[in-house]
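Participant: The structure that follows is given in the form of C-alpha cells.
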Amino acid sequence: MRDLESHVARALALVAPLAPHQRPLALALGLTAARDHRARDASPPFDNSAMDGYAVRAADVHGASAETPVRLPVAGETAAGAPPAAVRAGQAWRIMTGAPMPDGADAVVPVESTDGGTERVAVAKAVEPGRHVRRAGEDALPGDVIVSAGQTLTATRLGALAAVGVSAVDVVRPARVAVIATGDELVEPGAALGPGEIHDSNSVLLAALVREAGAEPLVMERVRDSPEQLLQRLAAADADLVITTGGVSVGAYDVVKAALSSEGVEFVSVAMQPGKPQGLGTVRGMPIACLPGNPVSVLVSFAAIVAPMIARLHGSETAVAQQRTSATVEQGWATAPGRRQFMPVRFTAPGSVAPATAGGSGSHLIASLAAAQALADIPADTERVSAGDTVALVRWIR
Ligand code: AMP
Ligand code: MG
C-alpha cells in the first residue's frame, strides 16, 4: 500500500503552474495572485485629519478646558480634496475629515470640543501633538507587499490594492477541470429511479468542489461501464486536469481501470480511509486523477489529492496549506490502523467537533455528509480518537 504523502507527491509532479496574465481589479475577484503585489502609493498618501474640527499646534491649546477655553483666530479652512494650507503659531484652521493637515499644525481639535466658530474659535479641550491626525504611510508604505503570490483575490484584498494605487493584477486563470462519472447504475438527479439505479451525485459534488477550489468545472456526460465510451469521452476532453469517479477497485466492471491501465495510468491502493483505490497518470497529455465511486471517498480524495493539484495549477499551495486548523473532539471514533483517516465532522460548539455521519465512517453516507463542516485529518499511526483529543482539520464548510 502506498502512503498518501507519496501519492500526493506523484500527483503534484503531474501538474505545472498555469501561465499568468494581467487583469483589471474589477475582473479579478476569486482568482489567484500570480506574484506578490506591492503598494505603489502610501496609505494614507498624506497626513490628514481624522475628524471635522480645527487643525492647531497642540502647544497653542495647552491647558484648554470648558472653564478656561483658549480662543484662537480661524485663518481659513480646508475640505477633503483640497491642497494643504499652512498655519502660523497662534492660529487655528478649520478642517474636514480626510483633508490634508496644514503645514505648521500638529493636532486636530474635534468640532465637538469647540464652539464651532468660523472667525474665531473657542477651544474647550486640550489635545496632545498628533491627536486626530492620520499619518501618511501608517497603513502601508510604497513597496509594502499587500497581496502575496498564491493568495486569493478577495474583496478586501482588491480594495486594499486599489487604495495603494494598483489598478491591475497578474493572475492565474481558473484551471479547467473535466469531471466524468462512470457507472451503469447512475441516472440524472431528479429522474425516477428504476430497479438498481441511484442518482449521480458525484458529478454535482465534484463540480461544486472544483468551483470551491477556484477552478472551472467541465462536467462531461457521464459514461456507462463501457471502456470504449470512457475513451471516447476522454478524447473529447480539453482540460488542465481530468477527474473520473467510480470503476477503480477490484470489481468485475471496473471500467476506468479496464480502459486506462494500458494507457499509462497507474491504479494503486493508497493508505487512506476512505478512498483507498486510486488511479493517477496522464491521458492525451492531460493529468488525470481517477477517484473511487463512493461519495464520501470522492470528497476525501478531492480534499487530499485533487485540491493540492488544483492549488499547484493556480500557484496557491502555500496559501491553501495555511488554512488548516484544529479542534477538540467531543465524541471519539474508531480509526483505520495503518491508514491516514479523514473523518467528516461537524461543530458541536466553537472549537469542538463530533463525527458528522452518525452511522460511522461509511463512505456511501452522502446525505449525512450534508451535516459535515470539515474533515478531521487523523495520522495513520493513531489507534483511536477519544473525547478530549486535539485533531487537525482540513476544509472549512460554513
Ligand atoms: P464503484 O467504484 O464504481 O464500484 O462505485 C462504488 C460505489 O459508489 C457504488 O456503490 C456506486 O454505486 C457509487 N457511485 C459510483 N459513482 C457514483 C456517482 N456518480 N454518484 C453516486 N454514487 C456513485
Ligand atoms: Mg461503478
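Participant: Quick test for you: out of Glu221, Glu266, Glu216, pick the one residue that is under 22 Å from Pro189 (Cβ atoms) and away from ligand 1 (no atom under 13 Å from the Cβ).
Facilitator: Only one candidate qualifies: Glu216.
Participant: Among the residues of the range 251-304, how many are of a type outside the set (A, V, I, L, M) and touching a residue at least 40 places away in the same chain (Cβ under 8 Å)?
Facilitator: The total comes to 18.
Participant: Residues of the range 347-398 being in a strand (DSSP E or B) and touching a Phe, Trp or Tyr at 6+ places or on another chain (Cβ under 9 Å), which ones?
Facilitator: Passing the criteria: Val353, Ala354, Pro355, Ala374, Leu375, Ala376, Asp377, Ile378, Arg384, Val385, Val394.
Participant: Another question, then. Find all pairs meeting these conditions: Cβ atoms under 7 angstrom apart; at least six residues apart or on different chains; first residue within the range 383-398 and in contact (Cβ under 8 Å) with a residue 60 or more places away in the chain and more than 11 Å from Met343 (Cβ to Cβ); second residue among the aliphatic types (A, V, I, L, M) and loosely packed, with under 11 Cβ neighbours inside 10 Å.
Facilitator: The qualifying pairs do not exist here.
Participant: Which of the residues that make up the range 325-343 are touching a strand residue (DSSP E or B) at 6+ places or on another chain (Cβ under 6 Å) and within 22 Å of Val270 (Cα to Cα)?
Facilitator: Hits for the range 325-343 are Trp333, Thr335, Ala336, Arg339, Arg340, Gln341, Phe342, Met343.
Participant: So, in the range 204-247, of the ones that are in a helix (DSSP H, G or I) and of a type in the set (S, T, N, Q), which residue ends up nearest to ligand 2 (Cβ to nearest atom)?
Facilitator: Within the range 204-247, the match that is nearest to ligand 2 (Cβ to nearest atom) is Gln229.
Participant: One residue is enough: does the range 254-261 have a residue meeting the conditions more than 28 Å from the chain's Cα centre (by Cα), more than 12 Å from ligand 1 (Cβ to nearest atom) and surrounded by 20 or more Cβ atoms within 10 Å (Cβ to Cβ)?
Facilitator: yes
Participant: Scanning the range 177-211 for residues that are under 25 Å from Val283 (Cα atoms) and of a type outside the set (A, V, I, L, M), which turns out farthest from the chain's Cα centre (by Cα)?
Facilitator: Asp184
Participant: Here's something else I'd like to know. Report those strands (runs of 3 or more DSSP E) wholly inside the range 140-198 carrying at least 1 residues which are away from ligand 1 (no atom under 14 Å from the Cβ) and modelled with pLDDT under 95.
Facilitator: Per the criteria, no element qualifies.
Participant: Are any residues in the range 282-294 out of contact with any helix residue (DSSP H, G or I) (no Cβ under 6 Å at 6 or more places or on another chain) and either crowded, with 22+ Cβ neighbours inside 10 Å or at negative phi (or both), and if so, which ones?
Facilitator: Residues satisfying the conditions are Thr282, Met286, Pro287, Ile288, Pro292, Gly293, Asn294.
Participant: Within the range 338-363, track down each residue that is within 14 Å of Lys276 (Cα to Cα) and modelled with pLDDT under 90.
Facilitator: Once the filter is applied, which keeps residues that are within 14 Å of Lys276 (Cα to Cα) and modelled with pLDDT under 90, the range 338-363 yields Ser361, Gly362, Ser363.
Participant: Here is a check on your reading of the model: is Met309 in contact with a Lys or Arg (Cβ under 6 Å, 6 or more places away or on another chain), surrounded by 24 or more Cβ atoms within 10 Å (Cβ to Cβ) and at pLDDT 95 or above?
Facilitator: The answer is no for Met309.
Participant: Further question: Quick one: which residue in Ala59, Ala66, Ala80 is part of a loop (DSSP other than H, G, I, E, B), within 22 Å of Arg134 (Cβ to Cβ) and among the hydrophobic types (A, V, I, L, M, F, W, C)?
Facilitator: Ala80
The values are calculated or read from the model by the stated rules, or taken from the named source; none is laboratory data. Remember, it's a predicted structure, so these values are computed and weren't measured experimentally. No Cβ is skipped: glycine too gets one built from the backbone with ideal geometry, and neighbour counts run over all protein chains shown.
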